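The structure appears below as structure tokens.
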Amino acid sequence: MLCTFVDPDTRLGAFYPVSFVQYLEGRKYVVQTIFVVVALLFAARLFYIQVLDGSYKLAADRNSLQRIVQVPYRGLIFDRNGKLIVQNTPVYDLMVVPREIKQLDTVRLCELLQMPVEEFRLALTAAKTYSRVKASPLIQNLSTPELAAIQDNLIDFPGFSIRAHMARSYKTENLAHALGYVGAITPKLLESPKYAKYIAGDNLGITGLESFYEKTLMGRRGVQYRMVNVRGIEKGAFRDGEYDTLSVAGLDLHTSIDSELQQYGEMLMAQKRGSIVALDPKTGEILAFVSAPNFEPARLSGKGMGNRYMDLLNNPERPLFNRPLMATYPPGSVFKLVNELVALQMGVVTPYTSFPCNQRLVKCTHRHEPPTNVGIAIKQSCNPYFYQVMRTAIMRGRSSNPKEDARLGLAEWRRQVMSFGLGQQLGVDLGSERKGSIPSPELYDKMYGRHGWNFRTIYSLSIGQGEIGITGLQMANIMAIIANRGYYYTPHFVRGIGQGGPLPEYRERHYTNIDPQHFDAIIPGMQAVVEGRGGTGNLASLAQFGISVAGKTGTVQNAHGPDHATFAAFAPAEDPQIAIAVFIENAGFGGTSAAPMASLMIEKYLRRKVERTQWETWLEGDASKFIRKR
Amino acid sequence: MSSSPARYSRSLDWVTIGIYALMVGLGWLNVYAASYSPDAPLGFAGQSFQELMANNWFKQIIWIGTAVVLMVILVVVDYKAYDTFAYVFYAVVVLLLLVTLFIARPIAGSRSWLELGPVRLQPAEFAKFATALAVSRFMAGINLRHQNWRDQAVLAGMTLLPPLLIIASNETGQALVFGAFLLAYFREGMSPLILIVLAAAGVILILALLIPKLWLIGGITLILGGVFLVNSRVMRHHLPLALSVWAVVVGMVFGVDFFFNQVLQPHQRKRIEVLINPSADPLGVGWNVTQSKIAIGSGGLMGKGFLEGTQTKFDFVPEQSTDFIFCTVGEEWGWMGSIVVIILFMALLMRLVYVAERQKSVFGRTYGYCVASIFFFHFAVNVGMTIGLAPVVGIPLPLFSYGGSSLWSFTILLFIMLAIDAYRKQDLVR
Ligand SMILES: [Zn+2]
């Protein structure tokens, strides 16, 4: 029974010395007390949440004000002739707000998207996990046919929408190693204070120029404060936009790359491993930057980018490896030029110093006329000659102990050599540049013990072998130094940022320790390499066009297989406009493959067209053909 | 009418009318604030009737206007009609509830709205005053001095029929309001044991959610045992009584557990769970409660000012002009404003008790207590839910919430009482 009325005759009623009616009237106080207790309880509770507990105020601020970051238009990238090579194109994501989905025909949607139902369900679950009320991308970077298929039918799928945003697209198939790529910021980077302005899902340059010039390309993000409701629906600007900032588009990059030369170089390097770096010695601008094997920059953009990246990463040919910057090789015979310059600067030899081609000191490459001056020695790349040049430069008799003498000499030699920008990062406008290595006395002390080594231990340095490593970029820079007769500008890709010039550090001359007249002593020898009778680099001759090429061949011994072929040169010798270094791995003698390749590049750059197409045919195929022909 | 309008007017309880007017006025300001959009023009400026009709604040003006007409009719009608036709009203309302159940289109999951052209009415709102009149009439006719099981059964049936029909139409909140009648019955002599048991069941329900069942039984046993031992000199003569109290309490633990897990539907269970842990259902009811607390909590001591609220403007708070109108009060007027509203409700309730107590008839007094109890229940549950002290039950804050049915319903409740009160001097003691 729900109600039981108190009988007036019960003890409770009789307890009061008043009548039953009066007793019941007393209950009004009970009722009033209940009212008042609830009111006091509410007042106390309200006092707590409104006055004492500040957390609700914070929560309210978070609720109603949303910071909307406007991602500006990313800067474009042009080549040296003003040709657009990297641009932005809209890409489309299929977005979903799980809460707004109604009567979803999964099968039909999957048919439109040509997507397996299982995959779709997984993606939808992920979106639901992220948020039921906020939009999140279900499928990123829809292809044009996918977009066309879904766009017209979107009305049948409430909760789904298309979001457009900008992604990188490329008008070139080349230069991937220099351009780098743009990708979503990783959670790890997000934690770093350097990337405090970024939010999850933002894109940024991951490698290459995209990364080095990220701040420039990105522009300035705009921030708008909007009043929004919990579902993210905008309800207007906060305080009429008083605190908003406008986004500023990123600045364009004008690179020094010659697209045609770049494309030509990548074509020549097809099926080979190695690098080509071409510089304008007068400015340090990089004209071509070839790393082989290569890949198309577009492969690291758009839908399926992650999978393609993994393919490239797992490719045994290592196409992602940036050889001109990261592969260090012993320079081989090209380094004889540096050693000669150092010896000349030390005053221990003259251009007319004669050394015998003494095969007992070190084997010479071939039989040749006696090296009675430096010109002949360079032309013939005489190993014993440069052995003796370096010994003269190292063993100065500054200590009676020949081992200590070698230490002192090597330390001095190293100081001179490093002024060529070797054994250190040049400071090119790409990340991940390797320093290379120029050995110090301490290195040999460590290997053999102090005074445990002498010149015989280190003599291979004289012919660019042994404990010496330089990059393709450094090799090209040596040529620029010789072309400039003693100085260089730090090699760089970007000659113009927005309307301005390059970064200030690229307008600064770096002088070597070598006086200009010493360069004049070796350049005729380098010309003779190419044009002289019996020169090791005769295949690089452009004499038929009246262009004099100064160069030096190199053949780099390699413990793991056939020698690497190298050729470094600049042209025209009297007014250098291009300095170039070619490395072809496992292609044997530098004169056979690297020299004609370099000359084709020079021909292409200086004459804009190539007439010596027979050398293109000659260079076709992989490097092994040159080993057989040797 | 048996006396001149002027004399009649003097006998009206103007204190209650004043409180009523203040509450409706403040309520409208808050409905305006809650439905006001910063980008829409202020007030009536240059808007067509259709445009204005899209705003809750404008429709509320119409509701208030009609409520004024209604209250004049209510006090002008011969007070005896309410007594005489009490059962007729009751029958009509029960019929309406039944009809609604069968013909209503479901709106937000409930079949409780009758649509008459552009006007939507919720018969459940009118079941309150009709049931209050009917049970008061019935109470006046039975002899309180003698327990009569038949009378009690009839009363219980009368009280339970409308809420059962309302539950069938999926408006559980409105049905729970009928529980408020217990307070009126208590004043008229119902055993306090029922209120105590219900309160105990509520406490046990909350405890059962916080503490595992066996621990709860163990704790109760320890406490009862302790009480028994401390008072053992007196209690030892009442061992069977003590044991049966223990058995009843343990039985209640199981009963509450059964009720909670078997009787309540999952969404109803959630509404109780979020009281203890708002993150139990962060996107459902818990979300409502959290947003509501954020809105009220962000108001601070003095509030953000009229129309300056951000939480209640931008749909953070659900049903911000109806069930959650108190959020707007809390956010824009702060703790001071909330206290003013609480004081107004207390003033109204105390005045109603005072008015009820001065009735010479059991009918008038019971009806007065019914009105006070219904107002109190709405106030307690509505404000309680916005500040996380009561489960989310969809019932409006009397005279504040937007909505015609609710405003009419409370106006009718109140002004029938005032009409009865105005004639009390001529009323004969029954
Ligand atoms: Zn020789």
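Odds and ends about this structure:
- Qualifying lysines (Cα of each under 16 Å from Cα of A:Lys171; at least 8 residues distant if same chain): A:Lys83
- To the nearest ten degrees, helix A:594-607 and the longest principal axis of the Cα atoms of chain A are 80 degrees apart.
- Partner shielding of B:378-390 amounts to 3, given as the average count of beta-carbon atoms from other chains within 10 Å of each residue beta-carbon.
- Whole-Hz Karplus values for region B:255-261 come out as x, 4, 4, 5, 4, 5, 8 Hz, taken residue by residue from phi with 6.51 cos²θ - 1.76 cosθ + 1.60 and θ = phi - 60°; glycine and proline positions read x.
- By average C-beta atoms within 10 angstrom, highest first, the peptides A:458-468, A:355-365: A:458-468, A:355-365
- Restraint check, A:Lys282/A:Lys446; A:Lys57/A:Lys128; A:Lys57/B:Lys59, Cα-Cα greater than 30 Å: A:Lys282/A:Lys446; A:Lys57/B:Lys59
- Karplus-derived 3J(HN,Hα), 6.51/-1.76/1.60, for each residue of region A:161-170, Hz, glycine and proline x: 8, 10, 10, 9, 8, 8, 10, 6, 9, 10
- Computed over region B:195-266, relative contact order equals 47 percent, with contacts defined as Cα pairs under 8 Å that lie 6+ residues apart.
- Calculated [222 nm] ellipticity per residue, helices only, for chain A: -10500 deg cm²/dmol; basis is -39500 (n - 2.57) per DSSP H run with n ≥ 4, divided by all residues, nearest 500.
- Sequence-separation-based contact order of chain A, relative, with Cα cut under 8 Å and 6+ spacing, percent: 13
- Region A:327-629 - convex hull of alpha carbons, volume per residue in Å³: 144
- Counting Cβ atoms of other protein chains within 10 Å of each residue's Cβ and taking the mean over peptide B:179-187 gives 3.
- Computed over the alpha carbons of region A:89-170, Rg followed by Dmax gives 12.3, 41 Å.
- For chain B, adding -39500 (n - 2.57) for each run of n ≥ 4 DSSP H residues and dividing by the number of residues yields -22000 deg cm²/dmol at 222 nm.
- The fewest-to-most ranking of B:Arg365, A:Arg509, A:Arg27, B:Arg137 by surrounding Cβ atoms within 10 Å reads A:Arg509, A:Arg27, B:Arg137, B:Arg365.
- Working ranking of peptides A:440-452, B:175-187 by packing, defined as the average number of other Cβ atoms within 10 Å per residue, highest first, is B:175-187, A:440-452.
- Extension gain, A:Thr106 to A:Arg163: 0.36 nm times the residue separation minus the Cα-Cα distance gives 18.5 nm.
- Note on chain A: Kirkwood hydrodynamic radius from all Cα pairs is 29.5 Å, rounded to one decimal.
- Taking a ≥ b ≥ c as the square roots of the Cα gyration tensor eigenvalues, the protein assembly as shown comes out prolate, since a/c reaches at least 1.5 and a/b is larger than b/c.
- Linear extension gain, A:Leu606 paired with A:Arg396, 0.36 nm per residue minus alpha-carbon span: 71.2 nm
- Cα pair distances in region B:195-266, grouped into 5 Å bins until the bin that holds the longest one, percent each: 3, 16, 24, 23, 16, 10, 5, 2, 1, 0
- Neighbour-count ranking [beta-carbon atoms within 10 angstrom, fewest first] of B:Trp246, B:Trp149, B:Trp63: B:Trp149, B:Trp246, B:Trp63
- Eligible lysines near A:Lys28 by straight Cα distance, threshold 25 Å, same-chain separation 8 or greater: B:Lys128, B:Lys360, B:Lys425
- Taking a ≥ b ≥ c as the square roots of the eigenvalues of the Cα gyration tensor, an a/c ratio of 1.5 or more together with a/b no larger than b/c marks chain B as oblate.
- Nearest 10 degrees, 0 to 90: helix A:516-531 Cα axis against chain A principal axis: 80
- Largest-first principal axis extents of the Cα set of region A:490-618 (Å): 45, 36, 35
- Angle in degrees between helix A:402-418 and the longest Cα principal axis of chain A, rounded to the nearest 10: 60
- Cβ-based exposure ranking for A:Val349, A:Val182, in which fewest neighbours within 10 Å come first: A:Val349, A:Val182
- The packing ranking of peptides A:429-435, B:234-240, highest mean first, is A:429-435, B:234-240, where packing means the average number of other beta carbon atoms within 10 angstrom of each residue.
- The mean number of Cβ atoms from other chains found within 10 Å of a Cβ in peptide B:188-195 is 5, as a whole number.
Just so you know, all these numbers are worked out from the coordinates, no wet-lab data involved. Note that the coordinates shown come from a computational prediction; the quantities given were computed from them, not determined experimentally. Positions of Cβ are backbone-derived with ideal geometry, glycine not excepted, and every protein chain shown enters the neighbour counts.
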